[in-house]
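The structure under discussion appears below in the form of C-alpha cells.
Every number in this text was worked out from the coordinates using simple rules, so none of it is lab data. This structure is a prediction, so every number in the text was calculated from the model and none was measured. Every residue, glycine as well, gets a Cβ built from its backbone with ideal geometry; the counts of neighbours run over all protein chains shown.
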Amino acid sequence: MNTLVTRSIQALMVAVLIGAATFAMMRSLPGDAAYRIAAGRYGYDNVDTAAADAVREELGLGGPALPAFLGWLGDLLRLDFGTSLVTGQPVIAEIGHQLGASLSLAAVAVLLSLLIGPPLGILAGLRPGGVLDRVLLVVSTGLKAVPQFLMALILILVLSVQFRLLPAAGHGEARHFILPALALVLGLAAVNARIARDAMARIAAMPFYSFAQWKGLSPRQTLLRHGLRNVSVPLLTYLGLQFVTLVEGVVVVEAVFGWPGIGHALVHAIFSRDVPMVQGTALVLGLSFVLINALMDFVTQKIDPRRSA
Amino acid sequence: MTDAVMIPRSAGHAVRWTGAALVAAVLAVALIGPLVLPGDPYAQSLLKSLSGPEAAAPLGYDHLGRSIFHRLAHALRLSPAIAVAAVLTAGATGLALGTLAAARGGWTDRVLTTLADALLALPGLLLVLIVLAIVPGTALGFWAGLSLVLWVEFFRLTRAATRDTLASPAVQASRLLGFGPAYIFRTHIWPEIAPMMLTAAAFGTATAIMAIAALGFVHVGMRAPTPELGLMMVELLPYWREAPLALLSPVIATFALLLGLTLLAGSRET
C-alpha cells in the first residue's frame, strides 16, 4: 500500500517535471519556433514569413507565460498530448506506432541478457575467486567501459563491414534484430552477471546455505531450493532500475541503426523542435519506469515476503 | 558483501592505481602532446585527405586533411573539461542538498527526495537533450544538463550516509559538548562520505563523457567542425576501409579513458 502511494507521487512528479521542462523548451527555443516548425512541415526551401505567421496563428505561439503554462500542465494531466507539430498526427497515435518497434527490441535485448548474464554470474558466485569469477570480472569491467554506441560501431565494423554477415540497418526481418539487440545485450549482461555473482556469493556464504548442504542436499538441490529465489530478488530490483540505462541505450542504438522506434523518433523530434512529440515520448518513458519499478516492488515482495513487513 | 570481501585490499588499490594511471596517460597526451608538436585541429589540406601518419601528424589525416592527432588532443580536452565541470557542480549541489535533507528531515527531506526520485525515473540522455534545446551554446547546455542529471546520485549517497552518521552516539556526544553544525560536518560527516564521493565522481565523469560522445555520434550533440570524440567517430566511419587508423584512434582513446575511470571508481556496482 505504502509503496503504491510513493510510486503514485513519483509518477505525478515525473509528469510535472516533464511538463515544466518541455514548456521551458517551447518558450526558449533559439530563433522563432514558428519558422522552425514551418521548416519541419514544408521543407527548408519552402519557408517564408507567410507560412511562419500561419503556423504562429494556428498554434498560438504568442501570449503571456503563466496561463499558458497552467493550460499546458492541464492538458498534460488530462493526458491530452496534442498533435505533432511536424506531421500533424495525434502524438498518441505516433507514439503507439513507434513503441511497438522499441518494445520488441528492448524485450529481445533484456531476455538475451538474462540468458547470458545471471547464469554465468551464479556459477562464478558459487566459487568466488575461481577462474570463472576472475575472467568474468575482467570481461564485465571491460564491457562496462564500452558505451552502447561504441559497441554498435564495433559490431557494424566487424560483422557487417568486414565479414558482411549481417545488415547494418533495416527493419522487418529477424536478422535485422541481431546487431541492435547485441549492442544492447552485452552491456546489460555484463552488469546482470556482476549483480547475480555478488548476490550468489553473499548467499552461498550464509549459514543457512551451508546447513542445507550438511543436511544432505546435493549442490544442485541446494541451489535450486535455496539459492535461486534469494538471488532473484536483488536481480529483479536491479532490472527495474536498469530500465533507464536500457532506454538510453535504445535511444542511441535506434538512432545508429535507423530502427523506427521511440528513441529514433525522439532524436528527430528534438532536432526539429517538435515539442509535443518530445513531451509525449518523455512522459511515456518516465511513466513506464515508474510502472515497471512498481511491478518489481510487487513481484519482489511476493518472492521474499520479509520485504513487505 | 561486494568484491572487497573476496579480493585483498592491496589488489583493490592496484586496480584503482591502474585506472588513475590510464586516465593520466590519456590526459597527458591531450595536454602535453600539442605543446610538443604544435598544430591546428581545424587546418584543412585536402591534398593530404586520409593519408597516413607522418612527422607533423603522428596519427594521419582525416577526410578533410586535418591532423587526427591534433583533433583528438582537442577532443580529449573538451569532453573531460565539460564532464569535470558538471561533476563538480553536481557534487557540490548534491552534497549540500543531501546534508540539508538529512539534517532538517520533515518536509525539506520529503520534497527533495521526491524530486530526486522523479529525476531518477527519466533517462539522463533525454534530460540532457531537452536542456540542450533550451540552453544556448552546446558546451554550456551539456554542462547544465549533465549537472541536472548527475546531482541525484550525490544527493542520495550523501543523504543516506549523513542520516546514519547523525544518529550515531559520536554525533550526539559532539552536540552535547556544544559543537556547531560546521564542526559536526567537518569531523563526523565528511570523513564518512569522502571516499564515496570519489567513487561517485569517477562514475559521474565516465557517464558524462559517454553521454557527450553518444550524442555527438548520433548528430545531436557538439556540432562540426568542433573536434569531439563521438563526432570524430561518425565522421570517420565511412572511411574505415581507406583509413582504419583514423577511426581507431578516437575509439581507442575513448575506451581507454572510460576504462580508466571505471577502474578508478573501484568495484562498487552501479
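Arrange the following residues from fewest to most other Cβ atoms within 10 Å of their Cβ: B:His13, A:His176, A:His264, B:His63.
Lowest count first: B:His13, B:His63, A:His176, A:His264.
Could you list A:Asp304, B:Asp117 in order of exposure, starting from the residue whose Cβ has the fewest other Cβ atoms within 10 Å?
A:Asp304, B:Asp117
Can you give me the convex hull volume of the Cα atoms of segment A:183-223, divided per residue and expressed in Å³?
Dividing the Cα hull volume of segment A:183-223 by its residues yields 55 Å³.
Between A:Leu291 and B:Leu248, what is the label-point separation in nm under the 7 Å Cα-to-beta-carbon projection?
Output for this residue pair reads 4.7 nm.
Using Cα positions and a limit of under 19 Å, work out the aspartates and glutamates in reach of B:Lys48, with same-chain residues fewer than 8 apart set aside.
The qualifying aspartates and glutamates are B:Asp40, B:Asp62, B:Glu235, B:Glu242.
Count the net charge of all other residues whose Cβ sits under 12 Å from the Cβ of A:Ala212, scoring Lys and Arg as +1 and Asp and Glu as -1.
Local net charge: +3.
What percentages make up the Cα-Cα pair-distance distribution of segment B:8-64 when the bins are 10 Å wide from 0?
19, 32, 23, 15, 9, 1
Most fluctuating residue of A:Pro276, A:Pro118, A:Pro90 in a GNM of chain A with Cα springs under 10 Å: which is it?
Fluctuation is largest for A:Pro90.
Need one number: the % of Cα-Cα pairs in chain A sitting beyond the 36 Å mark.
Everything past 36 Å amounts to 34 percent.
Just the number, please: Stokes-Einstein D of the protein assembly as shown in µm²/s, Kirkwood Rh from C-alpha pairs, 10 °C, 1.306 mPa s.
For these conditions, the coefficient is 61 µm²/s.
Taking loop as defined by DSSP and a crowding limit of 10 other beta carbons within 10 Å, which trypsin sites (Lys or Arg not before Pro) in segment B:158-246 fit?
Answer by residue number: B:Arg241.
Dimensions of segment B:210-263 along principal axes (Cα, Å, largest first)?
Each principal axis gives a Cα extent; for segment B:210-263 these are 34, 24, 15 Å.
How big, in percent, is the set of alpha carbon pairs in segment A:78-212 lying more than 19 Å apart?
Result: 63 percent of Cα pairs exceed 19 Å.
For chain B, set up a Gaussian network in which alpha carbons nearer than 10 Å are linked by springs, and say which option among B:Ala170, B:Ala202, B:Ala96 fluctuates the most.
So, out of B:Ala170, B:Ala202, B:Ala96, the one fluctuating most is B:Ala170.
Straight-line reach from A:Lys302: which lysines have a Cα under 28 Å away, not including same-chain ones fewer than 8 places off?
A:Lys215
Using a simple charge model, +1 on the beta-carbon of Lys and Arg, -1 on the beta-carbon of Asp and Glu, nothing else, what dipole does segment A:183-309 show about its Cα centre, in debye to the nearest 20?
In total the dipole reaches around 800 debye.
How large is the charge dipole for chain A, taken about the Cα centre, if only the Cβ atoms of Lys, Arg (+1) and Asp, Glu (-1) carry charge, to the nearest 20 debye?
I would put it at about 1920 debye.
With the Cα gyration tensor of segment B:142-216 in hand, give its eigenvalues times 5 under a square root as the equivalent ellipsoid semi-axes, listed largest first in whole angstrom.
Each semi-axis is the square root of five times an eigenvalue, giving 34, 10, 9 Å.
Which value, in debye to the nearest 20, describes the size of the charge dipole of the protein assembly as shown about its Cα centre when Lys and Arg Cβ atoms bear +1, Asp and Glu Cβ atoms bear -1, and nothing else is charged?
Computed charge dipole of the protein assembly as shown: roughly 2120 debye.
Which values, in whole Å and largest first, are the semi-axes of the equivalent ellipsoid of segment B:52-132 obtained as the square root of 5 times each eigenvalue of the Cα gyration tensor?
44, 15, 7
How big, on average over all directions, is the shadow cast by the Cα convex hull of segment B:76-210, in nm²?
Result: a mean projected hull area of 8.8 nm².
Taking chain B as a Gaussian network, Cα atoms linked when under 10 Å apart, which of B:Ala160, B:Ala118, B:Ala24 shows the biggest mean-square fluctuation?
Residue with maximal mean-square fluctuation among B:Ala160, B:Ala118, B:Ala24: B:Ala118.
Starting with the fewest neighbours, write out B:Leu264, B:Leu97 ranked by other beta-carbon atoms found within 10 Å of each beta-carbon.
B:Leu97, B:Leu264
Under a 5 Å amide H to amide H cut-off, with H placed in plane at 1.01 Å, what residues pair with A:Thr83 once short-range neighbours are removed?
Amide H neighbours of A:Thr83, under 5 Å, 5+ apart: A:Val91.
With a cut-off of at most 16 other beta carbons within 10 Å, and DSSP calling the residue loop, which chymotrypsin sites (Phe, Trp or Tyr not before Pro) in segment A:118-201 qualify? Please list them.
A:Phe163
Averaged over every viewing direction, what's the projected area of the C-alpha convex hull for chain B? Give it in nm², one decimal, please.
17.6
Quote to one decimal, in nm, the extra length available between A:Arg78 and A:Ala205 on full extension: 0.36 nm per residue of separation minus the C-alpha distance between them.
Length gained, A:Arg78 through A:Ala205: 40.5 nm.
If you bin every alpha carbon distance in segment B:1-137 into 5 Å steps from zero, what whole percent lands in each bin?
2, 8, 10, 11, 11, 12, 14, 12, 8, 6, 4, 2, 1, 0
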